[in-house]
Amino acid sequence: MNIVIFGAPGSGKGTQSEMLIERYGLHHISTGEVLRDHIARKTPVGQIAKTYINQGQLIPDSLMIKILEDIIDHEPKAKDGVILDGFPRTVPQADALKRFFERRGQELHHVIGLEVPEGELIDRMIKRGMQTGRADDNIETIKNRLNVYHQSTTPLRDYYIKEGKYRAIKGSGTVEKIFADIAKAIDAAE
Ligand code: AP5
Ligand code: MG
């Protein structure tokens, strides 16, 4: 089973992925974490990614698609199913993902859409910024991230509704209740 966990910055994609990995035995790929790891290791990709991430902008589609495909191609565990967290974020990325799965004789089964009011998203990220020092969790960059999300990423909601893959989930409340709703939506659609 291949799943995309979809939602605005701070909506709980990473938090819910951890629980999904355990329940469904999937391999988790967070493109944000991949890029932050490149930045920490000061790789050439990291040098490019840093400027975009610190401004709350998306890194170019062609680079992001290549990075994601390389990871899946080189990770044997990905064969049994993945949770993609933070990818796709644009229509070209979604189109590329569809072609990529087709080439591998696979498909995307579910897009879990975590829906959280904007004020709560901002509060969560400000709090995390204070706790962890994550570089893009400051109010200016958070606003840019939310603008980019509304402009470039929200069209994917309709894209996946049309494909019959979108499962809307209320993303506020306790982590456990949200996870129970996700599991119910997945199991109902199987
Ligand atoms: P990325 O790392 O993907 O960041 P994001 O989408 O902004 O999302 P976050 O990681 O901030 O939030 P999340 O949804 O994972 O929520 P979390 O579980 O952490 O991307 C970062 C950057 O990388 C992008 O801006 C872009 O520059 C670049 N990038 C990445 N992918 C790309 C792509 N495909 N194309 C181009 N560029 C790309 O939760 C958030 C906080 O809330 C945590 O503190 C958590 O503990 C808390 N929380 C979680 N659930 C709850 C709950 N139910 N109640 C209360 N608090 C909660
Ligand atoms: Mg995350």
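The values are calculated or read from the model by the stated rules, or taken from the named source; none is laboratory data. In this text, all values refer to a predicted model and were calculated from it rather than measured experimentally. A quick note on method: Cβ atoms are made from the backbone with ideal geometry, for glycine too, and the neighbour counts reach across all protein chains shown. These accessible areas exclude ligands, DNA and RNA; they are computed on the full protein's heavy atoms, side chains included. Shrake-Rupley method; radii C 1.70, N 1.55, O 1.52, S 1.80 Å.
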List the pairs from LYS50/LYS177; LYS66/LYS127; LYS13/LYS66; LYS13/LYS77; LYS13/LYS79; LYS13/LYS165 whose alpha-carbon separation is above 28 Å, in the order I gave them.
LYS50/LYS177; LYS66/LYS127
Of all alpha-carbon pairs in the chain, indicate the percentage at a distance above 26 angstrom.
28
Solvent-accessible area of ASP85, probe 1.4 Å, all protein chains present, reported in Å² to the nearest ten, please.
10
Under 12 Å Cα to Cα from LYS98, which aspartates and glutamates show up? Leave out anything in the same chain fewer than 8 places away.
GLU69, GLU107, GLU163
Given Cβ point charges of +1 (Lys, Arg) and -1 (Asp, Glu) and nothing else, what value in debye, to the nearest 20, does the dipole of the stretch 47-114 about its Cα centre take?
80
So what is the accessible area of the chain per residue, in Å², with the probe set to 1.4 Å?
51
Calculate, for ALA189 and GLU120, the FRET efficiency according to 1/(1 + (r/R0)^6) with r their C-beta to C-beta distance and R0 45 Å; round to the nearest 0.05.
0.95
In whole percent, what relative contact order does the chain give with Cα contacts below 8 Å and a gap of six or more residues?
32
Putting +1 on Lys and Arg Cβ atoms and -1 on Asp and Glu Cβ atoms, find which of HIS110, THR174, PRO92 reaches farthest to the positive end of the dipole of the chain.
PRO92
